[in-house]
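Remarks on the structure that follows.
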Amino acid sequence: SQTIHQWPATLVQPVGSPLSLECTVEGTSNPNLYWYRQAAGRGLQLLFYSVGIGQISSEVPQNLSASRPQDRQFILSSKKLLLSDSGFYLCAWSFEDTQYFGPGTRLTVL
Amino acid sequence: AQKVTQAQTEISVVEKEDVTLDCVYETRDTTYYLFWYKQPPSGELVFLIRRNSFDEQNEISGRYSWNFQKSTSSFNFTITASQVVDSAVYFCALVGDSNYQLIWGAGTKLIIKP
């Protein structure tokens, strides 16, 4: 069966520091992968999606970037975090139009 | 344009009551899928159901049931005999064949009081 992992689970970072969140999927090959952000009490915002290695599409211009160095690995990065980057970050993979989500990373930027 | 509306921001009921969460959608696609997800306090989004636009049969899974009506562009979710563990934020979502993107509703926070 397929499983999706995200780490770290929680993270507290100072403003201006770099960021790297990792997502890996097991049990499937060449999945579509997604990064979402959810601000406190708000809905989901799609940040990036990827249909294959090295193929990244950005949905929202910001100081975040994504990379897919391996088939089942999706990384969300930032060179300098902003206060507004705080939120809950969810990675997802999809199969036949259904998206399945990881446990999420709760990021607090101070 | 595609849109999903969950007009109920928050619902609070006493345990064992039945509760219905509303979802209204807009799309010009003839082929589309509708989804419900549950987000408990832990944060992880849990997939509940997918329904395609050609299947209007209602679905029942234990205490959960879904009513899909194309005539009113609605895909409502009912929990029968609610339990405290049902407390969560519930999201309705849509994806159409013209756009790979999942369009999300704003979510309904459901509070089940013991």
Legend entry - Distance-filtered residues of the stretch B:86-110 - backbone nitrogen under 13 Å, label point 7 angstrom along residue A:57 Cα→Cβ: B:96-103
Inset, instruction - Determine the dipole magnitude for the protein assembly as shown: charges of +1 sit on the beta-carbon of Lys and Arg, -1 on that of Asp and Glu, nothing else is charged, the reference point is the Cα centre, and the result goes in debye to the nearest 20. - result: 580 debye
Inset, instruction - Answer with one residue from A:109, A:58, A:30: the one whose Cα lies farthest towards the positive end of the charge dipole of chain A, charges on Cβ with Lys, Arg +1 and Asp, Glu -1. - result: A:109
Inset, instruction - Would you mind checking A:79/B:109; B:16/B:109; A:80/B:109; B:3/B:113; A:79/B:38; B:70/B:109 for any pair whose Cα atoms are more than 29 angstrom apart? - result: A:79/B:109; A:80/B:109; B:3/B:113; A:79/B:38
Inset, instruction - Write down the percent of antiparallel bridges among all DSSP beta bridges whose residues are both part of the protein assembly as shown, to the nearest 5. - result: 90 percent
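Taken together, the values in this text are just the output of simple stated rules run on the coordinates, not laboratory data. Every value quoted in this text rests on a predicted model; they were computed, and no experiment measured them. Neighbour counts are summed over all protein chains in view; Cβ atoms, including those assigned to glycine, are modelled from backbone coordinates with ideal geometry.
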